[in-house]
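Some notes on the structure that comes next.
The values are calculated or read from the model by the stated rules, or taken from the named source; none is laboratory data. If you're wondering where the values come from, they're calculated on a predicted model, not measured in any experiment. Heads up, the Cβs are rebuilt from the backbone with ideal geometry, glycines too, and the neighbour counts pull from every protein chain shown.
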């Protein structure tokens, strides 16, 4: 996952052998494949465009890579019928792609990619252009195929919900550099740098300016006075007094109409965005630099613009970032 132009599709093309790499090695199951051309790497590709053979039936499209390898007809039929059943394509095997809706055509494209049981399956935003309901159904089918066939699948997407729903591990790319790789939990709770912290999560992580007060606490300016917050872990004593960026996720802020503790941060609701089971509040924190923050509250908690809101942060929800180098400086206790 990563922003447009971050290097996601180029990485897939290098794994496939469609682009040469300038240095390093590509290993499949520990075996170097740099010198192998795409056909020798036994990879399968599926893209946003279906790239189906319009003059062939659905059955013939799925069977094409198997027949190209000289597989006997009986074995081809067995494999095609098996993958068609998994993707609910049995009823359309005799039809031509042009007669199918987009969701069915993409399923055919996926069936053709998965039917060979390749070393690596490479999927480049294969469902990004579909409507939300079709995408949700296809996500589930892709995950089921991956699990049942025991494949290695690399899936490129800019959609966070899609990435989180599908992945075992998530790799974040930006400007052709790997920022972090890990489970969703690791990336959510232990972002490697400020870019990852901001990029992963919707609404995005909030950042406000503050200072290191002690090795275990920070201070944030408010219209009334400084608010002191403790955080999980400890920083070097040499950092005390340093100006830093304080990050906290909208979902991890507790909101109240009255202060719950001395560390409660006062603010005023500017905007409310109802989103079904939750409401996203934009809260202005007075004199705090960069003070508009996003907060998520249950939909049954009714706030309106102008209402007072007090924000309460737990120690383990606070992330500290150096302003010069966007690296997380907080150490785990």
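Details
- Tally, over region 39-51, of residues that are touching a helix residue (DSSP H, G or I) at 6+ places or on another chain (Cβ under 6 Å) and over 13 Å from residue 116 (Cβ atoms): 1
- Strands (runs of 3 or more DSSP E) contained entirely in region 221-315, each with at least 3 residues that are over 27 Å from residue 196 (Cβ atoms): 265-275, 308-312
- Residue within region 256-263 that is within 30 Å of residue 186 (Cα to Cα), more than 27 Å from the chain's Cα centre (by Cα), surrounded by 12 or more Cβ atoms within 10 Å (Cβ to Cβ) and modelled with pLDDT of 90 or more present: yes
- Residue that is farthest from residue 212 (Cα to Cα), among those in region 243-277 that are touching a residue at least 60 places away in the same chain (Cβ under 8 Å) and in contact with a strand residue (DSSP E or B) (Cβ under 7 Å, 6 or more places away or on another chain): 254
- So residue 213, is it free of Cβ contacts under 8 Å to residues at least 40 places away in the same chain, in the same structural domain as residue 263 (by TED's automatic domain parsing) and part of a strand (DSSP E or B): yes
- Tallying residues that are crowded, with 18+ Cβ neighbours inside 10 Å and more than 9 Å from the chain's Cα centre (by Cα) within region 150-165 yields 3.
- Residue under evaluation residue 127, criteria (1) crowded, with 18+ Cβ neighbours inside 10 Å; (2) in contact with a strand residue (DSSP E or B) (Cβ under 9 Å, 6 or more places away or on another chain); (3) within 26 Å of residue 200 (Cβ to Cβ), criterion not met: (2)
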